[in-house]
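Below you'll find the structure, written out as structure tokens, and then a few comments.
The values are calculated or read from the model by the stated rules, or taken from the named source; none is laboratory data. All values reported here derive from a predicted model rather than from experimental measurement. In this analysis, Cβ positions are derived from the backbone assuming ideal geometry, glycine residues included, and neighbour counts consider all displayed protein chains. Ligands, DNA and RNA are stripped out before the accessible areas are found, and what is left, the full protein with its side chains, is counted by its heavy atoms. Shrake-Rupley method; radii C 1.70, N 1.55, O 1.52, S 1.80 Å.
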Amino acid sequence: MSNWQAFQQGHLDPDFAFREHIFAQFRQAAQRQSQAGPMNSSTATTAPKHAFEARLGDTKTPKNDINALILDYLTMEGYPGAAANFSKEANLAPQQEDPSIKTRQEIQHAIHSGDIETAITALNALDPDILDKNPELHFSLLRLQLVELIRQCYGGDIGPALDFATQQVAPRASMNEQFRIDLERAMSLLFFDHDSKLSPELKALLSSDLRRKTATKVNEAVLVRQDQRREAAIRALVRMRAWAESSARSSKKKDLPSDINIGLTGENAVEFQELAETNGHEPMIMT
């Protein structure tokens, strides 16, 4: 089990796990770049690089810029300990000295661990208006809590899940057609073997991706409520990169390789690939 998987299951300190996970990503990227050096006698038969790839390889990104992106990511995602340690090692000033960053970390950790009740309680203690004024987000958390209850009672007493669905989720679902559909889909998990071939819609409910996406939405909602930038700069950078590539391909004026890999591997590669596929181009803001 990797450090990141252990963190998602609640078995490891989040600051340590997240910091090691991010550093591992950058170490892998650096290793790939070092392996892609100039051709020598042993690599003379290798197919020549595309002109764009050769030019990209000659482009050197300042280390301070990379460090700033890492620090911004740790700060915005809610990992104060990792951000503080990294800022000292990289000789950077901390970006955000705000006690709420610790609360955001605790809320996200609770969601990643499946403890949705604790996350909702902490979120309401931080600012009850966040959920009161965002019914979609509130319902997403309640549905996720229902899914976790169904997961816990699988093969046993389904009473707690039924009670929660009836008392907490159904009243909200009755006022919104999409909520009703989402509730019915979640309740379907009670009637199917979780180890069998579930439909993609039901598999998505049991995937850790649902926790991750919900945690991201909650974190963004807290940041927006606090009049802060809602996401880490690297997320906007990924979308900007995707927009630039799409624009260049559409113009047909640039000779580009058939595929330009984003350069990320591991568990968070899917998340950033999804960002790229949104093809947005919000401005990147560095603080």
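Quick one: order T59, T216 from most to least accessible surface, probe 1.4 Å.
On the way: T59 80, T216 30 Å².
Greatest to least solvent exposure: T59, T216.
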(request) Just read off the accessible area of T214 with the full protein assembly in place, 1.4 Å probe, to the nearest 10 Å². (result) 10
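Sort E245, E201 from largest to smallest accessible area, using a 1.4 Å probe on the heavy atoms of the protein chains. Working shown, then result.
Working: E245 45, E201 95 Å².
In descending accessible area the options line up as E201, E245.
Taking a ≥ b ≥ c as the square roots of the Cα gyration tensor eigenvalues, with a/c under 1.5 meaning rounded and otherwise prolate when a/b beats b/c, else oblate, which class fits region 108-241?
Working: a/c = 1.97, a/b = 1.48, b/c = 1.33.
Prolate, since a/c reaches 1.5 and a/b exceeds b/c.
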(request) Kindly write out, for region 164-173 in residue order, the coupling ³J(HN,Hα) from the Karplus curve 6.51 cos²θ - 1.76 cosθ + 1.60 (θ = phi - 60°), rounded to whole Hz, with x marking Gly and Pro. (result) 5, 4, 6, 8, 10, 9, 4, x, 6, 5
(message) Here is the link list: K133/K217; K88/K213; K133/K203. Which ones come out longer than 19 Å on Cα distance?
(response) K88/K213; K133/K203
(request) Express in Å², to the nearest 10, the accessible area of S250 obtained by rolling a 1.4 Å probe over the protein heavy atoms while all chains stay in place. (result) 90
(request) Select from V222, V238, A248 the residue farthest towards the positive end of the dipole of region 190-250; place +1 on Cβ of Lys and Arg, -1 on Cβ of Asp and Glu, and compute about the Cα centre. (result) A248
(request) State the extension gain, in nm to one decimal, for the chain segment bounded by R151 and K88, taking 0.36 nm per residue of separation less the distance between their alpha-carbons. (result) 18.5 nm
(request) Keeping all protein chains in position, work out how much accessible area F179 exposes to a 1.4 Å probe, and write it in Å² to the nearest 10. (result) 20
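Rounded, prolate or oblate for region 53-164? Axes are the square roots of the Cα gyration tensor eigenvalues, ordered a ≥ b ≥ c, and the cut-off for rounded is a/c under 1.5. List each step's numbers first, then the result.
Details: a/c = 2.92, a/b = 2.05, b/c = 1.42.
Cα axes put region 53-164 in the prolate bin.
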(request) Set the Förster distance to 35 Å, then compute FRET efficiency between Q167 and S199 from the Cβ-Cβ distance, nearest 0.05. (result) 0.80
(message) On a 1.4 Å probe surface of the protein chains, which of F52, F139, F164, F191 comes out largest in accessible area, and what is the full order?
(response) F191, F52, F164, F139
(message) Give me the one-decimal nm value for the distance between modelled label points at E136 and Q226, 7 Å along each residue's Cα-to-Cβ direction.
(response) 2.3
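Please work out the FRET efficiency for the pair N64 and A244, using the Cβ-Cβ distance as r and a Förster radius of 30 Å; give the result to the nearest 0.05. Write down the numbers at each step before the final one.
Numbers: r = 23 Å, r/R0 = 0.75.
Working from the Cβ atoms, E equals 0.85.
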(request) Give, in nm to one decimal, the length gained when the segment between S251 and F52 is fully stretched (0.36 nm per residue of separation minus the Cα-Cα distance). (result) 70.0 nm
(request) Take the solvent-accessible surface of the protein heavy atoms, probe 1.4 Å, and return the percent of it on region 91-212 that carbon and sulfur atoms account for. (result) 51
